1. How big is segment 121-256 along each principal axis, measuring the range of its Cα positions in Å and listing the largest first?
2. I'd like the chymotrypsin sites (Phe, Trp or Tyr not before Pro) in segment 134-240 restricted to DSSP loop residues with at most 13 other Cβ atoms within 10 Å, sorted by number.
3. How large is the convex hull of the Cα atoms of segment 56-289 per residue, expressed in Å³ as a whole number?
4. Which distance in nm do the two modelled labels at Ser30 and Arg264 give, with both placed 7 Å along the Cα-to-Cβ direction?
5. By what distance, in whole Å, do the Cα atoms of segment 262-322 stretch along each of the three principal axes, largest value first?
6. Let me check against my output: what whole-number percent is the relative contact order of the chain, with C-alpha pairs under 8 Å and at least 6 apart?
7. Which value, in debye to the nearest 20, gives the size of the charge dipole of segment 56-289 about its Cα centre, when Lys and Arg are +1 and Asp and Glu are -1 at the Cβ?
8. What is the distance, in nm, between label points placed 7 Å from the Cα along the Cα-to-Cβ direction at Asp85 and at Ala165?
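Just so it is clear, none of the values below were taken in a lab; they were calculated from the coordinates. Keep in mind that this is a model prediction, so the values were computed, not measured. No Cβ is skipped: glycine too gets one built from the backbone with ideal geometry, and neighbour counts run over all protein chains shown.
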Amino acid sequence: MSEGLAWLPQALAELRDADLLRELTYCASSPGPEVSVDGEPHLLLASNNYLGLATHPAVLKGAHDAIDRYGAGAGASRLVTGSLDLHRRLEERLAALKSSQDALVFPTGYQANVGTIPVLAGPGDTIFSDELNHASIIDGCRLSRAEVVRYRHADPDALEDAVRATRSTGRRVIVTDTVFSMDGDLAPLPALVDIAERHGCTLMVDEAHATGVLGPSGAGAIEHFGLGGRVPVVMGTLSKALGAQGGYVATNRELADLLRTRARGFVFTTALAPAAVGAALAALDVVRDEPWRRERVHANASRLSEQAQELGFRVLRRDAAVVGVLVGEAADALAAGAALRAERVWAPAIRPPSVPPGTSRLRLTVMASHDDGHLEWALRALSAARQTVAA
Ligand SMILES: Cc1ncc(COP(=O)(O)O)c(C=O)c1O
């Protein structure tokens, strides 16, 4: 090994000793309710393919048709020759979904956040960020070089105190997940909207885990709370309930124009691949036309959450498809994850830095395509995992 990299073995050993080394497990099938791992069928309880759309025939057809017409890759960044009329069609659909004037599609949700936040705020400005926001928001805040004030999770009073206390005369941005990715609870959006409007702050929300799952038509948390038109910057992903890949920001025309010029995660990267765009467009139709999928996700999530509580697990508040089962230390969460795996349930332990130290957990997610048999399988496995945690 080159001398300059001689620090690597120790860095890896330290992570391993702290139960924080992450390793990949390879899956040989699509993210359906059952997947093939090491040649064995496993119950999948860890995918964000909440509505089962990653394998929906109409979504697959959307992807295939886009490949046939536009090819496998877009071939350049959006500002060079990568912008397809298909991208624009998707942006118009997303703008309508989120009650915004315009929208912009990014190759990933991660890029949407790290590309957009530094355009909204920079040095001399202040960002108020929920302490449990997703890593891509945290990274966007860091890249902005604005002052970042983390407020207590989902606490509007703590946010308003922080906004009142700021002395900065620069721009003020409030940013929050709507459904928190690792906990599964919902931000108090109506109160956040009021605070933003009262204090002249810009509110940006991340609808990654709400789109397709919440709201009468599946438009997300903004629709769920009846706040259409009152959230000026709405970010989301195409890669979770929509079953495709990519991210987006729905906003007003001026900000969309500025993002097209200034968002580095949009400008300096190849455009989203046609297959993902075609799949996402078809998925939006399915979200609209098959509301039973949403109902099923909520019914499955309630049942899984109740099962875990009856077994004595500490289950976090659940508002969407994510069921957070708190374990505590990383080693215990690993043991619980291993117990699930022994029962052929795939739901890896979630450890720092994805969650704060001492809050390692099983992050269980349900899909519309899980049936009663799958939930009984989950119950058996959770019961085995409970023994491990209690021991
Ligand atoms: C809340 C949240 N925002 C953004 C992202 C990033 O989205 P993508 O997976 O499309 O990059 C994720 C993905 O895990 C997420 O959970």
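1. Answer, in whole Å and largest first: 42, 31, 27 Å.
2. Taking segment 134-240 and a limit of 13 other Cβ atoms within 10 Å, no loop chymotrypsin sites (Phe, Trp or Tyr not before Pro) are found.
3. 102
4. Simple spin-label model gives 3.7 nm for this pair.
5. Cα spread of segment 262-322 along its principal axes, largest to smallest: 49, 30, 17 Å.
6. It comes to 22 percent, rounded to a whole number.
7. Charge dipole, segment 56-289, about its Cα centre: 680 debye, nearest 20.
8. Going by the 7 Å Cα→Cβ label model, 5.5 nm.
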